[in-house]
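The values are calculated or read from the model by the stated rules, or taken from the named source; none is laboratory data. Source: prediction; values computed, not measured. All Cβ positions, even for glycine, are placed from backbone atoms using ideal geometry, and neighbour counts span all protein chains on display.
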Amino acid sequence: MVEKNTSILNRLSEKRSEMVAFSRLMNNRKLDADGLIEKILIAPDVVEDKEVIVVQDTTELNYQDHINYLDLEDRELGPTGDNSEMGFFLHPNLVIDQSTKVGLGFSCIKIWNRNIDKLSKEERKYRKQPIESKESYRWIECAQKSKEQLRTAKHVTIIADRESDIYEEFVRVPDYKTDLIIRSKENRILHEEKLKLYEKLGQSEVIGKVNVKLKKDSRKKREKREATLEIRVIRVKISRPKTHKNKTLPEYVEMYAISATEVNVPASQDKICWRLLTSYNVEGLAGVLEIINLYCIRWQIEILFSTIKTSGIDIESSQLEKGKALKVLCVFGLYVALKINQLKQAREDQTGLPASIVFSKEEIIVLCALCKKYEGNTEKQKNKYAEGTLAWAAWTIGRVGGWKGYASESKPGIKTMNMGLRAFYQICDGYWLSKMCA
């Protein structure tokens, strides 16, 4: 899958016997997604004494387009989205080196599906259930597993979007070397306060303004522009929800609340309003901007999901017919997507991460030869990174994929890296065949 950059079996295979072998591997009863996950989780020694970020998020794998090939009674598949389509859910915890911003691996991966005959929330009396019985428990469960997997790290920052705005998570997860940065979803009640969270935050002092460049986003009716954001921060005591069934939880938990709100919004444009909750001790404008910058790293998991889907290996187009096999393929695909993104992220790495994170010794030999081939005669077309580093390898793969190598050009993206990797592994095949024939 790394070599061919696809998850579709007939593209992975050069002949029918290979396709049958791949299918049998994915369907092997001795191979399951949970067992495979344990094999690919990041080793504790990789993060020893490092400050790392863990980004959590959930995506759904939708196989409704292949519904005629699936068994509707398959217990490894179930309804997704609005419960009208078939598939399962993927919730990875992506570990990122805080200093280099390069993905290192996964500290937890959860894959699950809903039962086809699952009762509605009302029928299940959802609100009365303990958090451990709800799908939303995944945010707490995976955060705790990540803390254990990353026990040798110097510090862990867990970042997530609105779905992770859960009171129990604020209580259970932070500790002396673990902090949370969560995008706020609810206008929460504050302990012994008349105002709720958003009102108190909105009435607090503006501590500074920053300008940010926004990309065009048709989904949010947003044109490309520069926006001015007013920054606010306050320390708050978030009350335990009044309807909460677990009265053993503390009455409140202290957090810092941050807002970045756009002013002078152009007509017909949606206003930017980011609200974050964090267990960090935040001081001054510099401290707030550091939290916002850390939260922005969350975008890497969106890129990962894009790589595993339409922008990369197109896992939702797989021809496999069993839910178990599709989940195994999903784990392989997630690992491949990580490798592709590591190259993309390493384009500007100045810390000298080794290429061996992604490539074998023999592959690095091929990279050396390709780098010499693709370097131009002028300094502007030279690979400026130290040989053997991941950034050096990313530059070379980008050139193989069609990027021209000039600093004035946009850096190679996922599709260019895909094409570069595909061509690179074809070249490697030729190199290995020549050695066999020598």
Which members of the stretch 400-420 meet the condition of being surrounded by 22 or more Cβ atoms within 10 Å (Cβ to Cβ) and more than 21 Å from residue 303 (Cα to Cα)? 400
Boolean, residue 394 is outside the structural domain of residue 313 (by TED's automatic domain parsing), on the phi < 0 side of the Ramachandran plot and buried (at least 21 other Cβ atoms within 10 Å of the Cβ): yes
Of everything in the stretch 206-248, what is touching a residue at least 60 places away in the same chain (Cβ under 8 Å) and closer than 30 Å to residue 131 by Cα? Give them in sequence order. 238, 240, 241, 243, 244, 245, 246
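Can you name the residue in the stretch 187-222 that is closer than 30 Å to residue 267 by Cβ and acidic (Asp, Glu) and is also farthest from the chain's Cα centre (by Cα) among such residues? Please lay out each step first, then the result.
Initial filter on the stretch 187-222 (closer than 30 Å to residue 267 by Cβ): 187, 196-222.
Retained after the next criterion (residues that are acidic (Asp, Glu)): 199, 205, 217.
Working: 199: 32, 205: 34, 217: 20 Å.
Among those that are closer than 30 Å to residue 267 by Cβ and acidic (Asp, Glu), it is 205.
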Check whether at least one residue in the stretch 334-343 is more than 14 Å from the chain's Cα centre (by Cα), in a helix (DSSP H, G or I) and closer than 23 Å to residue 99 by Cα, and report yes or no. yes
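Taking the options 228, 157, name whichever one is in a strand (DSSP E or B) and at pLDDT 95 or above.
Numbers: 228 fails: at pLDDT 95 or above.
From the options 228, 157, the qualifying one is 157.
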Within the set of pairs 6 or more residues apart or between chains, which connect a residue that is touching a residue at least 40 places away in the same chain (Cβ under 8 Å) and outside any helix (DSSP H, G or I) inside the stretch 276-301 to a residue that is surrounded by fewer than 19 Cβ atoms within 10 Å (Cβ to Cβ) and among the basic types (Lys, Arg) with Cβ atoms less than 7 Å apart? 276/183; 297/101
Among 93, 113, which is the only one that is modelled with pLDDT under 95, closer than 30 Å to residue 70 by Cβ and surrounded by 20 or more Cβ atoms within 10 Å (Cβ to Cβ)? 113
Which numbered condition trips up residue 430, out of (1) surrounded by fewer than 15 Cβ atoms within 10 Å (Cβ to Cβ); (2) touching a residue at least 60 places away in the same chain (Cβ under 8 Å)? (2)
Please go through the stretch 276-333 and pick out each residue that is in contact with a Phe, Trp or Tyr (Cβ under 8 Å, 6 or more places away or on another chain) and among the acidic types (Asp, Glu). 316, 321
All but one of (1) among the acidic types (Asp, Glu); (2) closer than 23 Å to residue 324 by Cα; (3) at pLDDT below 85 hold for residue 122; which doesn't? (2)
The stretch 157-186 residues that are free of Cβ contacts under 8 Å to residues at least 40 places away in the same chain, paired with ones that are of a type in the set (Phe, Trp, Tyr) and crowded, with 17+ Cβ neighbours inside 10 Å (beta carbon under 7 Å, 6 or more apart): 166/139; 169/139
